[in-house]
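Inspection log for the structure reproduced underneath, given as structure tokens.
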Amino acid sequence: MQLSASQPIWSIPAQAVPAALQCTLQGLSDSEAQRRLERFGANRLPSQRRRSLLLRFVDQLVHFMALLLWVAGALAFAAGTPQLGWAIWAVVLVNGLFSFWQDYQAERTLTALKRSLPRQVRLWRNGELTELDAELLVPGDRILLEEGDQVPADARLIQANELSLDLSVLTGESQPVARHADAIDSPAADKVVLIPTRERANLVLAGTSVAGGRGEAIVYDTGGETEFGHVAHLTAATSRGISTLEQQVGHIVRTITAIALTMGAITFSFSLLFVGMGPLESLVFAVGIIVANVPEGLLPTVTLALAINVQRMASQKALVRRLSAVETLGSVSVICSDKTGTLTCNRMAVEEIWLPQAGEQPGIDRGGEAELLLAACLCSNAQLKASGDGSRALGDPTETALLVAAQARDLGLAVHQQRHPRSRELPFDSHRRRMSVIVATEAGLQLITKGAPLELLERCSPAGRAQAVAANDDLACRGYRVIAVAQRSLEATEGQAPADQLEQKLSLLGLIALYDPPRPEVPEAIRQCHQAGIKVTMVTGDYGLTAQAIARQIGLLDMPAKGDNHPQADPVRVIQGDQLELISDVHLRQLLKYRNRLVFARMAPEQKLRLVQAYRSLGEVVAVTGDGVNDAPALRAADLGIAMGLVGTDVAREAGGAARRQLRHDRHGGALWPRRGGQHSQVPALRAA
């Protein structure tokens, strides 16, 4: 359901959204919902048109080598050797059946691995809150979203309470993004504004998930009309190329055919002109020469070799969607790797803690460290819930990392949360860049504030501020996300004072450095890639500085010079998406040809696709790894698509394939990132485009 171009959905006040989408806050009636369902269709991505099983079987019988063998068999019959003809045709049929069965089994496994948009969604129908299948969602439905929910369709927020979304499936950025229900001013009609819809802070988009808070929204687009659907359409519109093996086989077939026909023609001419044989005898003799030059055993030999390697990979729980991908894996010359979840663990973790007294006294005050972590956890909304194999964290990844760190240190978090109940919360705000809570203690009310260090330090006592700023700079330049925690005691009468008045004269407890840690196996894998002559390029939707820091930690980029405490993105090695837009295709190819160890940050799906196409135009064999829908077009366009299936999206799996564990380093140089076991392991798959 579209509004007029002069009145985009994000520019409408929350209270006017129901009228704009022709619905009410009580929800649609069943009859109206049915009418809209018939008009707009079910809330699912359009099924990709697939060739029938019969045509897919025929494909296995009409490729280059198979056609050569069909002709060779026919010539064998013409030469009076039907036994040879039947044998050659039997080879083609058996090989075709085997290849078709392998492809069919892979397709069935992929179908079993598929995960769609959330199956159930909470919404209002006929004035009551109910739960329905997400496919029945239509524009105008009012939905409820809470922590852990996956957004089922594109919707406009009408209420938001500390709501934040994980947009990594669309943008590749691991950092949750705050959302609100306020209207966003629409620019003048004569101004060109290049702000993607996904960055409009009052919209929630299909496929993303709720990292924290809760909200209510009204759906305005479903199925293929969503942002998720648009990228899926871009993927479907990207045609698959042929693999390097298919190119090589085609070249061999053409060469063999030319040699065989040439020898047949020479034999026919010589036997007719110089030997004195008759035309028919000369023709039969020439046909025999042509058939003799056809390597009947080549096709089953190649297929069998590939099949053996497929089975070896299956024993490592890796599914190969197409047999030819096995050979492509060993021919890779460029790896374009996503960052979040591929090079990193896709989780925030507490890496370091800085305490004010640590700079004045040797060692670290463990009591102060515990006090800092407990205060940070009390000023958090994340939760640790018990599960069959331990505990499961729900909420903002930064806050869940604090809880996990406190639990790992056995600080008795649950006891402290019961002992210090919260009486008031001042939620995080993107302008204030901090969050505060008021908790009850034995000594009275206590204000705990956590947020961006520089902003928070301005509200702390000046003593030791310079030391804290220097510590923050040192941690930030190493790629960490730093948060500061401070506190102050309150009088009983101050509990309801304005936030700006409360958050003054704070005492700094310390700094906590968090980051999405690189997988420990990645540096060695990159070293082996470089040793094998394989270029590795990071392609991510994350921020340039963050990507640069991770690239340095894993050995993709050189470490900064000593004393460089205020690094900036290296314009030679780190290229932002907006900068890429200004580079022509010719200059991009020159850049990729003469520079190695590149990092492309803030990349949109279309830009990732353009990068892969540029590499392939240089004759490189390109492997792409990724898990989000933003990676899907590049996965499909690459010579080898490696989709992370466990936490990846359907669109990525459809473009690349699926399996259950990452592969070890391939001895032929096709290096892939090794995976560690555990709950953060991801599922790769291979697909030769």
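Projecting label points 7 angstrom from Cα along Cα→Cβ for residue 39 and residue 597 puts them 5.8 nm apart.
Using Cα-Cα distances under 8 Å and only pairs 6 or more residues apart, what relative contact order does segment 349-515 have, in percent? That works out to 26 percent. When the listed pairs 339/385; 535/593; 339/535 are checked against a 19 Å cut-off, the alpha-carbon distance exceeds it for 339/385.
Among the GluC sites (Glu not before Pro) within segment 470-508, those in coil by DSSP and having at most 11 neighbouring Cβ atoms inside 10 Å are 491. Residue ranges 208-217, 69-78, 279-288, 418-427 sort as 208-217, 69-78, 279-288, 418-427 when ordered by packing (mean number of other C-beta atoms within 10 Å per residue, highest first). Taking other C-beta atoms within 10 angstrom as a stand-in for reagent exposure, 304, 384 fall in the order 304, 384, fewest first. Just how far, in whole angstrom, is segment 8-46 from segment 442-519 if you go by their alpha carbon centroids? About 43 Å separates the Cα centre of segment 442-519 from the one of segment 8-46. Expressed per residue, the C-alpha convex hull volume of segment 349-515 stands at 121 Å³.
Think of segment 349-515 as having a plus end and a minus end, set by charges on the Cβ of Lys, Arg, Asp and Glu; of 356, 457, 400, 400 sits farthest toward the positive end of this dipole. With contacts taken as Cα pairs under 8 Å at a separation of at least 6 residues, segment 451-553 carries a relative contact order of 30 percent.
None of the figures in this text is laboratory data; all of them are computed from the coordinates on show. In this text the structure is predicted, and so the values were computed from the model without any measurement. So basically every Cβ, Gly included, is an ideal-geometry build from the backbone, and we count neighbours across all protein chains shown.
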